[in-house]
Amino acid sequence: MTTLLPDCPLCQQPGGAVLWQGTHLRVVEVEDPDYPGYTRVIWNSHMPEMTSLSRHGRELMMEAVWRIEEVQREVLHPDKINVASLGNMVPHLHWHVIPRWRGDRHFPDAVWAPARIAPGQEPPDWAPRMARIQGVMQRYRNQLLDAMNAMPRH
């Protein structure tokens, strides 16, 4: 039985553009122009913590996170990937997988910290880098879909 709460945004909305949906979880693209490839893994039913899941559920969730990270590394070539599960604002189990680049607005801080670089003040190589990344985003989505579809159990 799937538990959905009426006041939980991740129970009531996808949480981003759905790239892949399985029985237990979904993978969504977060539309953030500063962080192309920012992806979330969201458990479909309302669960507050990883330990709320069965062992199988925890393994399934983390397998999805690692597959996303792997595709980000292969296609987007970020300088670093941030993986986070916070849930302080939305206590519905979800993971953020965020490709990061030196020179992004918040680097080396978390994307939720105050920006270090104001819009229009990016380093000179920033615009060409973002153009290159935008140029491979469809390849990223396609490879991510292939990786998720290849999961042994979903």
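If I fit a long axis through the Cα atoms of helix 126-149 and take the longest principal axis of the Cα atoms of the chain, what angle between them do I get, 0 to 90°, rounded to 10?
The angle comes out at about 20 degrees.
Express the carbon and sulfur contribution to the solvent-accessible surface of region 9-150 as a percent, rounded to the nearest whole number, probe 1.4 angstrom.
In region 9-150, the share of accessible area belonging to carbon and sulfur is 52 percent.
Which angle between 0 and 90 degrees, to the nearest 10, do you get for helix 55-71 versus the longest principal axis of the chain when only C-alpha atoms count?
The helix 55-71 is inclined about 20 degrees to the chain.
Send over the Kirkwood Rh of the chain, from the inverse of the averaged 1/r over different Cα pairs, rounded to one decimal Å.
It works out to 16.3 Å.
Using the crude model of +1 on Lys and Arg Cβ and -1 on Asp and Glu Cβ, and no other charge, please compute the dipole size for region 97-138 relative to its Cα centre, in debye to 20.
That gives region 97-138 a dipole magnitude of about 60 debye.
Which one of Val18, Met50, Ile133 is farthest out on the positive end of the charge dipole of region 1-141, using unit charges on Cβ (Lys, Arg +1; Asp, Glu -1) and the Cα centre as origin?
Ile133
Ignoring everything but the protein chains, give the 1.4 Å probe accessible area of Arg58 in square angstrom, nearest 10.
Looks like 70 Å² after rounding.
Between Met151 and Ala115, what's the calculated FRET efficiency when r is the beta-carbon distance and R0 is 35 Å? Round to 0.05.
0.50
How large are Rg and Dmax for region 1-92 when only the alpha carbon atoms are used, in Å?
13.4, 41
Using 0.36 nm per residue of separation minus the Cα-Cα distance, give me the extension gain between Val18 and Arg55 in nm, one decimal.
Gain on extension, Val18 to Arg55, equals 10.8 nm.
I'd like the accessible area for Ile117, computed on protein heavy atoms only with a 1.4 Å probe and all protein chains in place. Round to 10 Å², please.
40
Taking a probe of 1.4 Å, how large is the accessible area per residue of the chain, in Å²?
Result: 54 Å² of accessible area for each residue.
Given +1 on the Cβ of Lys and Arg, -1 on the Cβ of Asp and Glu, and no further charges, what dipole in debye does the chain carry about its Cα centre, rounded to the nearest 20?
Once rounded to the nearest 20, the dipole reads 200 debye.
The values are calculated or read from the model by the stated rules, or taken from the named source; none is laboratory data. Keep in mind it's a predicted model, so treat the numbers as computed, not measured. Ideal geometry is used to build each Cβ from the backbone, glycine not excepted, and the neighbour counts take in all protein chains shown. Only protein heavy atoms, including side chains, enter the accessible area calculation; ligands, DNA and RNA are left aside. Shrake-Rupley method; radii C 1.70, N 1.55, O 1.52, S 1.80 Å.
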